[in-house]
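Novice: Below are the structure tokens for one structure; questions will follow.
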Amino acid sequence: MKILAVCAMGIGTSVILKINAEQAIQRLGIGADVEVADIGTARGAAASADIVLTSAAIAEEIGDVGIPVLVIDNFVDEDEIRDKLAGEIGI
Amino acid sequence: MAEPAITRLLAVEAIVTGIQVDDWRAAIRAAGELLVAAGATTDAYTEQMRAAVEQHGPYIVIAPGIALAHARPSHVVLRTALSWAGLATPVEFGHPDNDPVELVVGLAAVDHDGHSAVLARISHLLAERDLLRVLRAASGPEEIRALLAKHDEADR
């Protein structure tokens, strides 16, 4: 599974999201890679990914990318990321 | 990648507490001016941090009450550094869940690798709610740096 962490520039908040998503994935015990993308590259990168994680503002900006977009409120809250991923994957 | 110590990146002159600002633009400007004061950036970087939010919305408000102001690594960054602007009165950034913001952390990095390592460090710090509560109650820059030094030490 491939998860895409998206922010405006792909270098700031998405990196924080990636760090915490990786920990959440480890706790869920699923095999998944997390990559970061910026708004400009998110659509292309989504073509080979399964789930997008991002903020509400960026979710609105990227719109429909053909895969589920999960809005994360607190990027340093591993529990929120884990719960939303688990809900989406159905585990 | 080794995570750099927060206190190595956050100069005492880059910290203010209880600063009064009218809105989110002024809050970002405060964090940017602290980076400039620490010799880490030029005014152009402060402008880029503001422009990112104008363009993309309040996505830098990454946790309740906390904004991570930053722009791309570029020549307007002179060295990798952090700033810390604690607000006297919280301001709205327009984030649906994490408003109002009472702390703006400014981040400047000279390159992408430096950026990622600093972000890993910041991420771990911001996840520690108890420490953040203590930091918010701190009386001034020296106390904040002392608390963060203890945190750096404990993480080793």
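Novice: What residue, among those in the range A:7-35 that are out of contact with any helix residue (DSSP H, G or I) (no Cβ under 8 Å at 6 or more places or on another chain), in a helix (DSSP H, G or I) and among the charged types (D, E, K, R), is most open to solvent (accessible area, probe 1.4 Å)?
Specialist: Of everything passing the filter in the range A:7-35, A:E22 is most open to solvent (accessible area, probe 1.4 Å).
Novice: May I ask you to list the residues in the range B:125-140 that are open to solvent by 40 Å² or more (accessible area, probe 1.4 Å) and either away from chain A (no Cβ under 14 Å) or touching a helix residue (DSSP H, G or I) at 6+ places or on another chain (Cβ under 7 Å) (or both)? Before the answer, list the steps.
Specialist: Filtering the range B:125-140 down to residues open to solvent by 40 Å² or more (accessible area, probe 1.4 Å) leaves B:127-130, B:133-134, B:136-137, B:139.
Of everything in the range B:125-140, those that are open to solvent by 40 Å² or more (accessible area, probe 1.4 Å) and either away from chain A (no Cβ under 14 Å) or touching a helix residue (DSSP H, G or I) at 6+ places or on another chain (Cβ under 7 Å) (or both) turn out to be B:R133, B:V134, B:R136, B:A137, B:S139.
Novice: So which residues in the range A:63-75 are more than 10 Å from the chain's Cα centre (by Cα), farther than 22 Å from B:E54 by Cβ and more than 9 Å from every other protein chain (Cβ to nearest Cβ), if there are any at all?
Specialist: Result: A:D64, A:V65, A:G66, A:I67.
The rows are residues; the columns are (1) at the interface with chain B (Cβ under 9 Å from one of its Cβ atoms); (2) more than 18 Å from A:G87 (Cβ to Cβ); (3) among the basic types (K, R).
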{"site": "A:L4", "(1), (2), (3)": "no, no, no"}
{"site": "A:G10", "(1), (2), (3)": "no, yes, no"}
{"site": "A:V15", "(1), (2), (3)": "yes, yes, no"}
{"site": "A:V34", "(1), (2), (3)": "no, no, no"}
{"site": "A:R43", "(1), (2), (3)": "no, yes, yes"}
{"site": "A:D50", "(1), (2), (3)": "no, no, no"}
{"site": "A:E61", "(1), (2), (3)": "yes, yes, no"}
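Novice: Can you tell me which residue in the range A:36-51 is most open to solvent (accessible area, probe 1.4 Å), limited to those that are out of contact with any Leu (no Cβ under 8 Å at 6 or more places or on another chain) and of a type outside the set (D, E, K, R)? Walk me through how you get there before you give the answer.
Specialist: Within the range A:36-51, the subset out of contact with any Leu (no Cβ under 8 Å at 6 or more places or on another chain) is A:38-41, A:43-44, A:47-48, A:50.
From what is left, the residues that are of a type outside the set (D, E, K, R) are A:39-41, A:44, A:47-48.
Numbers: A:I39: 36, A:G40: 71, A:T41: 74, A:G44: 56, A:A47: 90, A:S48: 73 Å².
Result: A:A47.
Novice: Only one of these conditions is not met by B:L68: (1) within 22 Å of B:L148 (Cα to Cα); (2) more than 9 Å from chain A (Cβ to nearest Cβ). Which number is it?
Specialist: (2)
Novice: Mind checking which residues of the range B:86-98 are surrounded by 18 or more Cβ atoms within 10 Å (Cβ to Cβ) and within 14 Å of chain A (Cβ to nearest Cβ)? Talk me through it step by step, then tell me what you get.
Specialist: Looking only at the range B:86-98, we keep the residues that are surrounded by 18 or more Cβ atoms within 10 Å (Cβ to Cβ), and these are B:86-87, B:91, B:93, B:95, B:98.
Those that are surrounded by 18 or more Cβ atoms within 10 Å (Cβ to Cβ) and within 14 Å of chain A (Cβ to nearest Cβ): B:F93, B:H95, B:N98.
Novice: Considering every residue within the range B:111-118, establish whether at least one is touching a residue at least 12 places away in the same chain (Cβ under 8 Å), hydroxyl-bearing (S, T, Y) and surrounded by fewer than 22 Cβ atoms within 10 Å (Cβ to Cβ).
Specialist: Taking the range B:111-118 first, the residues touching a residue at least 12 places away in the same chain (Cβ under 8 Å) are B:111-118.
Still in the list and also hydroxyl-bearing (S, T, Y): B:116.
Restricting the remaining residues to those that are surrounded by fewer than 22 Cβ atoms within 10 Å (Cβ to Cβ) gives B:116.
Yes, the range B:111-118 contains a residue that is touching a residue at least 12 places away in the same chain (Cβ under 8 Å), hydroxyl-bearing (S, T, Y) and surrounded by fewer than 22 Cβ atoms within 10 Å (Cβ to Cβ).
Novice: With respect to the numbered conditions (1) under 12 Å from the mean Cα position of the chain (by Cα); (2) within 22 Å of B:G57 (Cα to Cα); (3) assigned to a helix (DSSP H, G or I), which one is the sole condition not fulfilled by A:K84?
Specialist: (2)
Novice: Just to be sure I understand, how many residues within the range B:7-65 are aliphatic (A, V, I, L, M), away from chain A (no Cβ under 14 Å) and in contact with a Ser or Thr (Cβ under 9 Å, 6 or more places away or on another chain)? Steps first, answer last, please.
Specialist: Residues of the range B:7-65 aliphatic (A, V, I, L, M): B:9-12, B:14-16, B:19, B:21, B:26-28, B:30-31, B:34-38, B:40, B:44, B:49, B:51-53, B:60-63.
Filter again for away from chain A (no Cβ under 14 Å), leaving B:9-12, B:14-16, B:19, B:21, B:26-27, B:30, B:34-38, B:40, B:44.
If we keep only those that are in contact with a Ser or Thr (Cβ under 9 Å, 6 or more places away or on another chain) too, we end up with B:9-11, B:14-16, B:21, B:30, B:34-38, B:40, B:44.
Going through the range B:7-65 one residue at a time, the tally reaches 15.
Novice: I need a count of the residues in the range B:4-37 that are surrounded by fewer than 18 Cβ atoms within 10 Å (Cβ to Cβ) and within 17 Å of B:K150 (Cα to Cα).
Specialist: 4
The values are calculated or read from the model by the stated rules, or taken from the named source; none is laboratory data. None of the values given here were measured: they were computed from a predicted structure. Glycine also receives a Cβ, built like all others from the backbone with ideal geometry; neighbour counts cover every protein chain displayed. Ligands, DNA and RNA are excluded from the accessible area calculation, which covers all protein heavy atoms including side chains. Shrake-Rupley method; radii C 1.70, N 1.55, O 1.52, S 1.80 Å.
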